[in-house]
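The structure appears below as structure tokens.
The values are calculated or read from the model by the stated rules, or taken from the named source; none is laboratory data. Owing to the predicted nature of the structure, the values given are computational and were not obtained by experimental measurement. All Cβ positions, even for glycine, are placed from backbone atoms using ideal geometry, and neighbour counts span all protein chains on display.
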Amino acid sequence: MENEISSEKFMALSSSKQWLHAIMLQGQRLLEIHEKSNQALEPYLDMKTFRELLEEQRIEEYFFIIAVDKAGKWLKETCNLYPQFKDYSTEFDNKVPLAKEIRDMCEHEIDYLKGKGRWQDKFIRNAGSNPRKIAADAISTIVNGNEYLIGGRLNVRQTINHSFKIYREIINFF
């Protein structure tokens, strides 16, 4: 019985670390593709390359959202098994708010676009810190200066930075 508990603890901690790492990897890929798409437009307006990069960007956003959701779930499990990590789960939820909402809306985007999503009233929100009140639906992207906001609300850079902080703590624990 004790081995099962040890296995469960190891699985939770290891999975938390893995999904936090996935956030960092996917987030970097996403930001690199975004930079390439900006460069594709600069010198000679290569629209074909730009459209392909936007498609890649959308795919990477989806995988980033999945990584954020999985990391949050595994952090909760880790905190249940390792009380010393409790603050990290709470902090993650506070620093990465609305991740579950965005994941659900992206996963069920067809329903939302047809007006059938369960959180339909939250599908469109004001986005980012721009005082001009930009609105975005949960499957759109807003880039405002250094802010890259998926769904107008999930800040990629901040999520990467916060995940790295927790990731380091977990690595130090191993």
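Restricting region 82-136 to residues that are within 16 Å of TYR148 (Cα to Cα), out of contact with any Ser or Thr (no Cβ under 7 Å at 6 or more places or on another chain) and β-branched (Val, Ile, Thr), which is modelled with the lowest pLDDT?
Among them, the one singled out is ILE134.
Any chance you could count how many residues in region 72-121 are among the hydrophobic types (A, V, I, L, M, F, W, C), out of contact with any Leu (no Cβ under 9 Å at 6 or more places or on another chain) and in a helix (DSSP H, G or I)? So that I can check it myself, show each step before the final result.
Residues of region 72-121 that are among the hydrophobic types (A, V, I, L, M, F, W, C), as a first pass: 74-75, 79, 81, 85, 92, 96, 98-99, 102, 105-106, 110, 113, 119.
After this cut, where a residue has to be out of contact with any Leu (no Cβ under 9 Å at 6 or more places or on another chain) as well, the list is 79, 105-106, 110, 113, 119.
Checking the rest, the ones that are also in a helix (DSSP H, G or I) come to 79, 105-106, 110, 113.
Total satisfying the criteria: 5.
Yes or no: PHE164 within 30 Å of PHE10 (Cα to Cα), modelled with pLDDT under 85 and surrounded by fewer than 18 Cβ atoms within 10 Å (Cβ to Cβ)? Can you show your working first?
On the way: within 30 Å of PHE10 (Cα to Cα): yes; modelled with pLDDT under 85: no; surrounded by fewer than 18 Cβ atoms within 10 Å (Cβ to Cβ): yes.
No: the conditions fail for PHE164.
Looking at region 100-113, I want the residues that are under 22 Å from TRP74 (Cβ atoms) and have a partner that is of a type in the set (Ser, Thr, Tyr) with Cβ atoms under 8 Å, at least 6 apart or on another chain. Which pairs are those?
From region 100-113, the pairs are MET105/TYR112; CYS106/TYR62.
Could you check region 138-166 and list, in sequence order, the residues that are in a strand (DSSP E or B), among the hydrophobic types (A, V, I, L, M, F, W, C) and in contact with a Leu (Cβ under 8 Å, 6 or more places away or on another chain)?
Step one: of region 138-166, the residues in a strand (DSSP E or B) are 141-144, 147-150, 154-155.
Retained after the next criterion (residues that are among the hydrophobic types (A, V, I, L, M, F, W, C)): 142-143, 149-150, 154.
Selection gives ILE142, VAL143, LEU154.
Which residue pairs have Cβ atoms closer than 6 Å, lie 6 or more positions apart in sequence or on different chains, and pair a first residue in region 77-90 that is within 11 Å of ILE170 (Cβ to Cβ) with a second residue that is small (Gly, Ala, Ser) and buried (at least 16 other Cβ atoms within 10 Å of the Cβ)?
THR78/ALA12; THR78/SER16
Within region 67-86, count every residue that is among the β-branched types (Val, Ile, Thr) and farther than 22 Å from GLU35 by Cα. It would help to see each step written out before you state the result.
Initially, region 67-86 is screened for residues among the β-branched types (Val, Ile, Thr), giving 68, 78.
In the following step, the residues that additionally are farther than 22 Å from GLU35 by Cα were identified as 78.
Number of matching residues: 1.
Filter region 33-49 for residues that are surrounded by 13 or more Cβ atoms within 10 Å (Cβ to Cβ) and either at pLDDT 80 or above or in contact with a Ser or Thr (Cβ under 7 Å, 6 or more places away or on another chain) (or both) and give the result.
The answer is ILE33, HIS34, LYS36, ALA40.
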